[in-house]
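The values are calculated or read from the model by the stated rules, or taken from the named source; none is laboratory data. Predicted model only: the values in this text are computed from it and were never measured. Cβ placement follows ideal geometry from the backbone for every residue including glycine, while neighbour counts extend to all protein chains displayed. Accessible surface areas use protein heavy atoms only, side chains included; no ligands, DNA or RNA. Shrake-Rupley method; radii C 1.70, N 1.55, O 1.52, S 1.80 Å.
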Amino acid sequence: METQDYLQLDVIAVGAHPDDVEIACGGTLASMSRRGYRVGIIDLTDGEPTPNSPGPDVRLEEAAKAAHLLGVHTRVTLELPNRRLFDTFEARVMLAKEFRKYRPAVVIGFGDKTPTASPDHWQAMQITDAAVFYSRLTKWDEHFDGLPVHAVPVQLYFRLAFEPAILSGYHSHFTVDITDTLETKLQAIRCYQTQFPPAKEYVFDRIRGAALTSGAAAGFHAGETFVSTRALGTRDMMKFLFGG
Ligand SMILES: [Zn+2]
């Protein structure tokens, strides 16, 4: 397999289910795409079954529409099992292969448990952490179809945006201004009619509220907050503080 068969991506956001990434960081992905960056999404499962969906085909159609709205270049759905997602060697390798193919500069994924929601999210975090590591390991080609290694330079964590609280235990929080893309984010989430029927309209208020709260804390109208797995550093402090 040759990596030139695959478009190199600037950022890949990893979710357990189609709609996770939209809820967590859809505004940031849309903003990046508008700025000319190449954006990808990897869903570890197709998210099915769920209570109100007729099946995976409809869910995947919804995911494709949402990706289109956000300006996402590549969306990959891995064939790992929804509701039974576990951090296994096979799952780690499967995701690491995608990193080797698309060679992202930034990987964004789950950074915390989601109590009362799917335990797949926590497993997704562990799989993503491991896959970032596996992606760069040499002398292991037999597990990766001969794909060359790729060291991911930056790994970030998100929380699902129902809860604006920051990730605890990490120091390098930062907020992306999504004032211009908040409505696009909400529209993308609305593509998932099987997940958010009219009875769940309150979800959109929560997501909007979380974006406004996160944004206000950083001096923006709306924002999405991330943590860096390493301390953030800069050579040019003014650019870092005021750079745009
Ligand atoms: Zn989910």
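If you check Met94 against the conditions, is it at pLDDT 95 or above, surrounded by fewer than 22 Cβ atoms within 10 Å (Cβ to Cβ) and within 14 Å of the ligand (Cβ to nearest atom)? Considered against the rule, which asks whether it is at pLDDT 95 or above, surrounded by fewer than 22 Cβ atoms within 10 Å (Cβ to Cβ) and within 14 Å of the ligand (Cβ to nearest atom), Met94 comes out as no.
Against the condition more than 28 Å from Leu147 (Cβ to Cβ), more than 15 Å from the ligand (Cβ to nearest atom), touching a residue at least 60 places away in the same chain (Cβ under 8 Å) and outside any loop (DSSP other than H, G, I, E, B), how does Lys101 come out, does it pass? So Lys101 fails the test. Got at least one residue in the stretch 67-85 being away from the ligand (no atom under 16 Å from the Cβ), farther than 17 Å from Trp122 by Cα, of a type in the set (D, E, K, R) and part of a helix (DSSP H, G or I)? Within the stretch 67-85 (the criterion being away from the ligand (no atom under 16 Å from the Cβ), farther than 17 Å from Trp122 by Cα, of a type in the set (D, E, K, R) and part of a helix (DSSP H, G or I)), the answer is no, since none of the residues qualifies. Restricting attention to the stretch 1-27, the residues being open to solvent by 10 Å² or more (accessible area, probe 1.4 Å) and at pLDDT 95 or above number 4. Within the stretch 64-81, the set of residues being more than 16 Å from the chain's Cα centre (by Cα) and within 19 Å of Asp129 (Cα to Cα) comprises Glu79, Leu80, Pro81. You will find that of Arg206, Arg159, Arg230, the residue that is closer than 27 Å to Arg92 by Cα, out of contact with any helix residue (DSSP H, G or I) (no Cβ under 6 Å at 6 or more places or on another chain) and within 16 Å of the ligand (Cβ to nearest atom) is Arg159 and no other. Would you be able to say whether some residue in the stretch 113-128 is modelled with pLDDT of 95 or more and in contact with a Cys (Cβ under 7 Å, 6 or more places away or on another chain)? Taking every residue of the stretch 113-128 in turn, none turns out to be modelled with pLDDT of 95 or more and in contact with a Cys (Cβ under 7 Å, 6 or more places away or on another chain). Picking from residues in the stretch 104-126 that are under 13 Å from the mean Cα position of the chain (by Cα) and assigned to a helix (DSSP H, G or I), the one that is surrounded by the fewest Cβ atoms within 10 Å (Cβ to Cβ) is Met125.
Among the residues here, Ala131 qualifies as crowded, with 19+ Cβ neighbours inside 10 Å and more than 16 Å from the ligand (Cβ to nearest atom). Annotation: of all residues in the stretch 138-150 being open to solvent by 60 Å² or more (accessible area, probe 1.4 Å) and hydrophobic (A, V, I, L, M, F, W, C), the one that is nearest to Val107 (Cα to Cα) is Val149.
Within the stretch 32-41, not a single residue is within 15 Å of the ligand (Cβ to nearest atom), more than 19 Å from His150 (Cβ to Cβ) and surrounded by fewer than 20 Cβ atoms within 10 Å (Cβ to Cβ). Within the stretch 48-62, is there a residue that is under 28 Å from Thr225 (Cα atoms), within 16 Å of the ligand (Cβ to nearest atom), touching a residue at least 60 places away in the same chain (Cβ under 8 Å) and part of a helix (DSSP H, G or I)? There is at least one residue in the stretch 48-62 that is under 28 Å from Thr225 (Cα atoms), within 16 Å of the ligand (Cβ to nearest atom), touching a residue at least 60 places away in the same chain (Cβ under 8 Å) and part of a helix (DSSP H, G or I).
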